[in-house]
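Q: Structure in structure tokens, see below.
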Amino acid sequence: MVYAHGKMTGTKIEEIMKEFIEGKTNVLVCTTILESGIDIPNANTIIVENADRMGLAQLYQIRGRVGRSDKQAYAYITYKKDKLLTEVADKRLKAIKEFTEFGSGFKIAMRDLEIRGAGSLLGEIQSGHLEQVGYDTYCNLLDEVVKEMKGIKIEPEIDLQIDLNVTSYIPDEYIADANQKIEIYQNIALCKNEKDIQDVIDEIIDRFGNMPPELENLIDIARIKYLAKKLNLSKIASNVIKNKNNLNAKTAVVFTFEPNKFDLDINELVKRYGNKIKFSNGIKPMITLEIPSDNERQILNDVTEFLKL
């Protein structure tokens, strides 16, 4: 077992870390100096004490010191037994527990922003109310304010919820800089038509190269969003349907419409899709579309084609 902390000389810390990396010692006890980008592929377990006293970004960086190879890694985020946590500390710990998959850096950053507040864009206030509305809504509110200042008439938008079984995010290996990533997310969230989407695609490819599948999915969801609003949809959700042997999986996509705003020709839909669609009448009419696959690209393509009716 070896110890390392910030009061040691750089040479001493270097010697300790070298021994640990080479496997001459198996346990390293240290302060939060560990968060500053140290890469130790063989380290597979980390125990963090008094995690309630640390920031969310700090916890994310510390947790990232393990799991840097093909070995199964474990991170134990702990605090003192029976300690009464503050509301903010509780939110931070829940966030670090929730976001464990690869590519969670942006989600962690946005949750941290929600907890601490976004601040005033044009003023001196350094805390705000983004945590009360969410990032996507914050972008929309900002867009509305800009339009009002330009004298552009604002049409009320439907609060659309999209819950499709697809992986959609910007991978860290594609855009590593957090500020650039936030900028791209915002540009995608503000797309209102196909021209906006093509402009974003051109910008992304020009700056970062060919897009990974996860980002392509995110772009497709933005396209689905603006198409769905034209049809007065309030929700699009999907469920995977598997048989007893878990083979030949299918996907059921449910389109929910706003009350009294259903304006599609059912006969035309039946003619086009046959028994692949089901219609449910009610206060909020629903159409269920069966897609003969659980492939992400096919789901997004079929949903997009359906919305272009």
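The values are calculated or read from the model by the stated rules, or taken from the named source; none is laboratory data. These numbers come from a predicted model, not from an experiment. Please note: Cβ atoms are built from the backbone with ideal geometry, for glycine as well, and neighbour counts cover all protein chains shown.
Q: Residue pairs, Cβ under 9 Å, 6 or more apart or interchain, first in the stretch 194-209 and in the same structural domain as residue 224 (by TED's automatic domain parsing) and free of Cβ contacts under 8 Å to residues at least 60 places away in the same chain, second crowded, with 16+ Cβ neighbours inside 10 Å and of a type in the set (Ser, Thr, Tyr). List them.
A: 194/226; 196/226; 197/226; 208/174; 209/174
Q: Follow-up. Just one of 278, 229, 261 is at pLDDT 90 or above and of a type in the set (D, E, K, R); which is it?
A: Step by step, each of 278, 229, 261 is checked, and only 278 is at pLDDT 90 or above and of a type in the set (D, E, K, R).
Q: Consider residue 66 against the criteria (1) modelled with pLDDT of 80 or more; (2) assigned to a helix (DSSP H, G or I); (3) of a type in the set (Val, Ile, Thr): it satisfies all of them except one. Which criterion is unmet?
A: Among (1) modelled with pLDDT of 80 or more; (2) assigned to a helix (DSSP H, G or I); (3) of a type in the set (Val, Ile, Thr), residue 66 violates only (2).
Q: While we're here: Looking at 51, 89 in this structure, which one is buried (at least 16 other Cβ atoms within 10 Å of the Cβ) and either modelled with pLDDT of 85 or more or in contact with a Cys (Cβ under 8 Å, 6 or more places away or on another chain) (or both)?
A: 51
Q: It is to be established whether one or more residues within the stretch 240-254 are of a type in the set (D, E, K, R), modelled with pLDDT of 90 or more and assigned by TED's automatic domain parsing to the domain that holds residue 169.
A: no
Q: Step by step: first the residues of the stretch 152-179, then only those that are touching a residue at least 24 places away in the same chain (Cβ under 8 Å) and of a type in the set (S, T, N, Q), then the one that is farthest from residue 229 (Cα to Cα). Which residue is that?
A: Within the stretch 152-179, the match that is farthest from residue 229 (Cα to Cα) is 167.
Q: Just checking, how many residues over the stretch 1-37 are over 18 Å from residue 66 (Cα atoms), of a type outside the set (Lys, Arg), without any contact (Cβ under 8 Å) to a residue 24 or more places away in the chain and exposed (fewer than 15 other Cβ atoms within 10 Å of the Cβ)?
A: 5
Q: Within the stretch 115-198, which helices (runs of 4 or more DSSP H) (wholly inside it) include 2 or more residues that are out of contact with any strand residue (DSSP E or B) (no Cβ under 9 Å at 6 or more places or on another chain) and modelled with pLDDT of 70 or more?
A: Passing ranges, in order: 135-150, 178-189.
Q: Additional query: For the stretch 224-242, give me each residue that is outside any helix (DSSP H, G or I) and of a type in the set (D, E, K, R).
A: Hits for the stretch 224-242 are 235, 242.
Q: Since residue 71 meets every condition but one in (1) over 23 Å from residue 89 (Cβ atoms); (2) at pLDDT 85 or above, which condition does it not meet?
A: Unmet for residue 71, out of (1) over 23 Å from residue 89 (Cβ atoms); (2) at pLDDT 85 or above: (2).
Q: Additional query: Restricting to the stretch 19-58, give me the number of residues that are within 29 Å of the chain's Cα centre (by Cα) and part of a loop (DSSP other than H, G, I, E, B).
A: 13
Q: Check 217, 275, 260 and return the single one that is surrounded by fewer than 15 Cβ atoms within 10 Å (Cβ to Cβ) and assigned to a helix (DSSP H, G or I).
A: 275
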